[in-house]
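Right, one structure below, let's go through it.
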């Protein structure tokens, strides 16, 4: 009897092993792929963009890649997987990752005053207007700038050169001049009055450049070395660089601008490429990197995998979660153009989706997603719920949020708005 039961168990085990494996249900199925292809192709065919490429991973597997149109329309160079693009503000999450690497090492706390590590930022003043003689009026900041402030764009740094009084001083001081080192940049920002009290508004600007300075100040290493040694190098992102070597410049996509006549015009290469052809004193944290689809997708996959990919750990899981958590309180009501991104807050160098869209005009996305984009309309997002990471590369000015909406609708399907406003 014992042998009979043993034989039966073996037969059942073998039978089970021969059963076909259960098919994994994916959001990016054949219907979605066809929808994405159709959408991206139509954007090129309509003359809205010169070229586009997209790469999507789901559950750690590549589920979509395609490219359409031209990286260089005039030279008839196709957009492809190896095309280098200027990612502009998609540099910011890389910088935030560097800063939070130091956080993982216990080098600082988010609510530490910035002046604890950079005394230049002690006793800041806030701009309140000008007197009848045109002299700037200021008052003491209500509280110090914290590191949390520079990770969520609530520090108050002046950014508007058209602002009466303060704008002229900002233009004269010129903190973001490429000939400034990060330390010189920081000292110049510290010498200026703030545009608002720390923590009272969300205003996009040079906070992430100050993060790069802080990485340099705390680590004692040049920022360019730190980012290479702690993020780009370990992840194997060999195509993600500030300076593009001469033998790779042919891979750089051209940049185009949509004119008032609804026609694409090429932006002169001298205007958009000069920063990336040589090493400047300024190594900005907020812009400047070039990258490929595969490189940036690998960075995104590290994030969806909670800081680790292929046994390489960049950040602790709880740190990635902290970065992907909204850090804006409801009291911060002035949020510049952040609401144009949809129902979002802001974490540490990412927008964070808090609620589903409330209208058909809003960008669709999964609650809990975190993402960012670049000035030339590049985009990436991390969707932890569905384990999706998506990267979209184009090179078009002005920034085109409607293009992003079309891509998102193609990926997830048309939005289903909630019935009530948040």
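Of note:
- Anisotropy class of the stretch 32-73 from Cα gyration tensor, a/c 1.5 cut: oblate
- DSSP beta bridges fully contained in the chain are about 90 percent antiparallel.
- Residues in the stretch 322-353 that a label on residue 385 would reach, taking backbone N under 12 Å of a point 7 Å out along Cα→Cβ: 353
- For peptides 208-214, 380-386, sequence by mean Cβ density within 10 Å, most packed first: 208-214, 380-386
- Highest GNM mean-square fluctuation among 221, 33, 41, for the chain modelled with Cα contacts below 10 Å: 221.
- Share of pairwise Cα separations in the stretch 227-322, more than 16 Å, in percent: 65 percent
- Per-pair calculated FRET efficiency, R0 = 22 Å: residue 191 and residue 130 via Cβ, rounded to 0.05: 0.80
- Evaluating kT/(6 pi eta Rh) at 37 °C and 0.692 mPa s, with the Kirkwood radius of the stretch 18-167 over Cα pairs in the Stokes-Einstein relation, gives 156 µm² s⁻¹.
- Distance between the pseudo-spin-label points of residue 38 and residue 321 (7 Å out from Cα toward the beta carbon): 4.0 nm.
- Taken along the Cα-to-beta-carbon direction at a fixed 7 Å, the label points for residue 359 and residue 138 span 4.1 nm.
- Using a simple spin-label model with pseudo-atoms 7 Å out from Cα toward Cβ, residue 112 and residue 74 lie 4.9 nm apart.
- The stretch 298-319-the stretch 357-378 distance, computed between alpha-carbon centres (Å): 22 Å
- Computed from Cα atoms, the angle from the helix 401-412 axis to the main principal axis of the chain rounds to 20 degrees.
- With Cα atoms defining each centre, the stretch 158-234 and the stretch 25-100 are spaced 30 Å apart in the structure.
- Three-way shape label, the stretch 297-404, alpha-carbon gyration tensor, a/c 1.5: oblate
- For the chain, the longest principal axis of the C-alpha atoms and the axis of helix 182-191 are separated by about 50°.
- Anisotropy class of the stretch 100-219 from Cα gyration tensor, a/c 1.5 cut: prolate
- For the chain, the longest principal axis of the Cα atoms and the long axis of helix 293-304 meet at an angle of about 80 degrees.
- Extension gain, residue 333 back to residue 168 (0.36 nm per residue minus Cα-Cα distance, nm): 56.7 nm
- Within the listed set 31, 348, 49, the residue fluctuating most in the Gaussian network model of the chain (springs between alpha-carbon atoms under 10 angstrom) is 31.
- Largest mean-square fluctuation among 260, 400, 72, in a Gaussian network model of the chain whose springs join Cα atoms under 10 Å apart, belongs to 260.
- Residue ranges 277-289, 228-240, 167-179 sort as 277-289, 228-240, 167-179 when ordered by packing (mean number of other C-beta atoms within 10 Å per residue, highest first).
Any read-out appearing in this document is the output of simple, stated calculations on the displayed coordinates, not a laboratory observation. None of these values were measured; they are calculated from a predicted model. So basically every Cβ, Gly included, is an ideal-geometry build from the backbone, and we count neighbours across all protein chains shown.
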